[in-house]
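Input: a single structure, listed below in structure tokens.
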Amino acid sequence: QVQLVESGGGLVQAGGSLRLSCAASGRALSSNFMGWFRQAPGKEREFVALISSNGGGTAYGDSVKGRFAIYRDNAKNTVYLQMNSLKPEDTGVYYCAARDFSAWAYWGQGTQVTVSS
């Protein structure tokens, strides 16, 4: 089975930076689009970032564009989310996901990110 494990979450002050990692196991995901999502308590899941299979194409949610960057190292079967200029509203559980055809088929367990003011 494909497993995704996020890491790198924690507590950071507003304006700070954090890098999340998503390590995949079970099979190579070098042919899959990967994404990051987040969910704050009481709110709906929100799209954060997307990256194409070869890393050449990326997309970001409006709320994070210009501050976050997604990138991947297919040799390590790992996807990263670099988060800069963090704001308290960035607080939430961040999930890594892998695209399989038309669906987000695989999800990690999430990692908590808390940004203090």
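The values are calculated or read from the model by the stated rules, or taken from the named source; none is laboratory data. Note that the structure is predicted; figures quoted are calculated from it, not measured. All Cβ positions, glycine included, derive from the backbone under ideal geometry; neighbour counts span all protein chains shown. For the accessible areas, the whole protein counts, side chains as well, though only heavy atoms, and no ligand, DNA or RNA atoms are used. Shrake-Rupley method; radii C 1.70, N 1.55, O 1.52, S 1.80 Å.
Name the residue that is most open to solvent (accessible area, probe 1.4 Å), counting only residues in segment 7-32 that are touching a Gly at 6+ places or on another chain (Cβ under 7 Å) and either hydroxyl-bearing (Ser, Thr, Tyr) or more than 21 Å from ARG99 (Cβ to Cβ) (or both).
Going residue by residue through segment 7-32, those that are touching a Gly at 6+ places or on another chain (Cβ under 7 Å) are 18-22.
Restricting the remaining residues to those that are either hydroxyl-bearing (Ser, Thr, Tyr) or more than 21 Å from ARG99 (Cβ to Cβ) (or both) gives 18-19, 21.
Values: LEU18: 32, ARG19: 116, SER21: 23 Å².
Residue satisfying both the conditions and the ranking: ARG19.
Test TYR106 against the criterion of being open to solvent by less than 70 Å² (accessible area, probe 1.4 Å) and among the aromatic types (Phe, Trp, Tyr), and give yes or no. Taking the combined requirement at face value, the residue satisfies it.
Let me confirm something: among ALA105, ALA75, ALA97, which residue is closer than 15 Å to MET34 by Cα and within 11 Å of the chain's Cα centre (by Cα)? None of the others qualify; the one that does is ALA97. Of note, GLY42 satisfies the criterion of being open to solvent by 30 Å² or more (accessible area, probe 1.4 Å), without any contact (Cβ under 8 Å) to a residue 12 or more places away in the chain and not β-branched (Val, Ile, Thr).
Being of a type in the set (D, E, K, R) and at pLDDT below 95, is that true of even one residue in segment 98-107?
Just the residues of segment 98-107 that are of a type in the set (D, E, K, R), to begin with: 99-100.
Okay, now just the ones that are also at pLDDT below 95, so 100.
Among the residues of segment 98-107, at least one is of a type in the set (D, E, K, R) and at pLDDT below 95, which makes the answer yes.
One residue is enough: does segment 52-68 have a residue meeting the conditions part of a strand (DSSP E or B), open to solvent by 20 Å² or more (accessible area, probe 1.4 Å) and within 16 Å of GLU6 (Cβ to Cβ)? Checking segment 52-68: not a single residue is part of a strand (DSSP E or B), open to solvent by 20 Å² or more (accessible area, probe 1.4 Å) and within 16 Å of GLU6 (Cβ to Cβ). Of the residues making up segment 17-68, those that are more than 14 Å from TYR95 (Cα to Cα), among the basic types (Lys, Arg) and at pLDDT 95 or above number 3.
Within segment 5-22, how many residues are hydrophobic (A, V, I, L, M, F, W, C) and under 14 Å from ASN77 (Cβ atoms)? Steps first, please.
If we filter segment 5-22 for residues that are hydrophobic (A, V, I, L, M, F, W, C), which is where we start, we get 5, 11-12, 14, 18, 20, 22.
Checking the rest, the ones that are also under 14 Å from ASN77 (Cβ atoms) come to 5, 22.
Adding up the residues that qualify gives 2.
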